[in-house]
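Just below is one structure, and these are the notes that go with it.
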Amino acid sequence: MFVSVEEARTLLSALLPERETEHVPLALAYGRTLAADLIAKVSHPSATESALDGIACRGADTLLASRDTPVRLRLVGESRAGQAFAGEVGAGEAVRIYTGAPLPDGADAICPVEQLQDAGDDIVLLRPALSSDVRHEGGDFRAGETVLRAGVRLTPSRVALAAALGHAEVPTLRPLKVAVMSTGDEVVEPGQPLTAGQVYNSNAYGLLGMLQEAGCQAALLPAAPDSPEALELALTSIGGADVLLTSGGVSMGKYDFVRDLLIEGGQVSFWKVRMRPGGPAMLGGWRGLPVFGLPGNPVSSLVVFHVIVRPALTGQPLSTLRLRAGTPFRGLADKTAFWRAEVRGAEVFDYAKQGSGVLRSLSEAGALVVMPEGSSAEVGDEVDVVLMG
Ligand code: AMP
Ligand code: MG
């Protein structure tokens with residue numbers, strides 16, 4: 001039941017529930033997924049306006065303006081944001097104007113304040129006024145236009161856009177409720193004393209952060225010991241979650257009871273993914289609850305979450321960029337490799353310690369180079385890079 005990274009994502013997506021639409025105020029919308037297309041209720045700009053502080057005039061009057069041959073226009077009024085100039089700008093005339101203020105009738109160009117000299121009732125231009133400094137009504141978007149599509153993630157810039165479109169609240173998908181449970185007799189909560197052979201529970205906290213970043217509602221459960229009875233009880237008492245993420249207990253060891261429990265008493269959708277790190281990952285179900293078993297190795301659990309679980313939970317594809325290899329990267333014959341790597345400028349460099357237990361590596365390297373099965377890259381070749389931050 002070895003699956004590819006893509007198959008693993010698809011199988012997890014298939015187990016996730018359909019989600020209802022929740023209308024939320026903009027202040028709570030960040031990180032959610034838009035549930036329906038959003039149209040512009042208004043045009044932006046709502047009127048043709050100035051992009052600069054300066055004067056508005058007829059551009060044709062100023063074509064020859066320069067420092068040596070300044071052009072003098074007569075000031076006939078002012079246009080401020082929210083308070084337009086009522087009249088019309090005629091030949092040889094100018095109106096003081098400020099950023100975002102409506103362009104008066106008759107005017108078609110702007111000269112910025114830095115290129116002006118005051119001269120009593122007149123104003124002197126040291127260069128031509130430009131029509132490119134006019135922002136046209138609806139130049140950004142027009143009322144009725146579909147500007148944001150269902151399914152996009154509401155990043156800060158999209159929340160700002162939704163506000164500019166005139167929406168006080170937005171339709172979003174209900175966030176997935178994800179429970180996180182570490183397993184392992186050796187796993188100890190940070191803050192407790194640690195004896196030789198034990199390890200602090202770092203996976204749960206990395207996963208919590210990643211879930212929050214992915215717009216999920218995450219709940220941390222107490223870590224479970226390596227005992228089939230205790231694990232079974234812990235799994236059976238989980239209520240209200242859409243999916244459970246476990247860490248540890250899915251490898252080949254005698255005490256890997258998450259694996260045994262799903263095989264013997266639950267369902268298995270896959271066990272093992274053709275990837276490194278993260279090969280032992282498992283997907284199954286327990287009494288109707290989808291369970292994604294992440295490997296215990298700290299690097300494996302976070303990499304598997306990022307490249308398989310996150311795209312399935314968010315509906316967003318894994319985002320990659322193409323960069324030039326600064327060191328060679330090898331591929332593996334029958335697995336996708338995700339090598340930890342450091343991005344410097346437009347190049348990406350192999351990180352020295354690739355062991356899946358080297359926790360500091362993810363934090364220090366910050367990126368993964370994706371090497372498809374059977375591929376290889378020499379210095380200067382382009383490779384796919386995942387930024388993991
Ligand atoms: P396992 O997958 O249970 O065989 O665990 C593999 C390795 O990951 C072992 O060295 C464990 O001690 C370590 N490990 C398991 N769970 C965690 C956790 N929650 N936080 C940090 N390390 C862990
Ligand atoms: Mg274990």
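The values are calculated or read from the model by the stated rules, or taken from the named source; none is laboratory data. Remember, it's a predicted structure, so these values are computed and weren't measured experimentally. Neighbour counts are summed over all protein chains in view; Cβ atoms, including those assigned to glycine, are modelled from backbone coordinates with ideal geometry.
Some observations on this one:
- Search result, residues across the range 243-270 that are more than 10 Å from ligand 2 (Cβ to nearest atom) and of a type in the set (Gly, Ala, Ser): Gly265, Gly266, Ser269
- Residue in the range 303-314 that is surrounded by fewer than 15 Cβ atoms within 10 Å (Cβ to Cβ) and either of a type outside the set (Asp, Glu) or within 29 Å of Val199 (Cα to Cα) (or both) present: no
- Where Ser202 falls short, out of the listed (1) buried (at least 18 other Cβ atoms within 10 Å of the Cβ); (2) within 16 Å of ligand 2 (Cβ to nearest atom): (1)
- Residues of the range 167-194 classified as more than 12 Å from ligand 1 (Cβ to nearest atom) and surrounded by 14 or more Cβ atoms within 10 Å (Cβ to Cβ), total: 12
- Every residue from the range 37-74 that is of a type in the set (A, V, I, L, M, F, W, C) and over 16 Å from Leu126 (Cβ atoms): Leu38, Ile39, Ala40, Val42, Ala47, Ala51, Ala56, Ala60
- Filter result for the condition that a residue is exposed (fewer than 14 other Cβ atoms within 10 Å of the Cβ) and either modelled with pLDDT under 95 or more than 14 Å from ligand 2 (Cβ to nearest atom) (or both), over Gly215, Gly197, Gly240: Gly240
- Any hit, the range 300-313, residues being assigned to a loop (DSSP other than H, G, I, E, B) and among the small types (Gly, Ala, Ser): no
- Note on the range 325-389: enclosed strands (runs of 3 or more DSSP E) holding 1 or more residues that are under 13 Å from Pro277 (Cα atoms) and not assigned by TED's automatic domain parsing to the domain that holds Ser301 are 336-344, 366-371.
- In the range 351-381, the residues that are farther than 22 Å from Asn203 by Cβ and surrounded by fewer than 18 Cβ atoms within 10 Å (Cβ to Cβ): Ala352, Pro372, Glu373, Gly374, Ser375, Ser376, Glu378, Val379, Gly380, Asp381
- Those residues of the range 261-273 which are surrounded by fewer than 17 Cβ atoms within 10 Å (Cβ to Cβ) and either among the acidic types (Asp, Glu) or within 14 Å of ligand 1 (Cβ to nearest atom) (or both), in sequence order: Glu264
- Scan the range 170-194 for residues that are in contact (Cβ under 8 Å) with a residue 60 or more places away in the chain and away from ligand 2 (no atom under 16 Å from the Cβ) and the total you get is 10.
- Within this structure, Ala352 passes the test of being hydrophobic (A, V, I, L, M, F, W, C) and modelled with pLDDT under 95.
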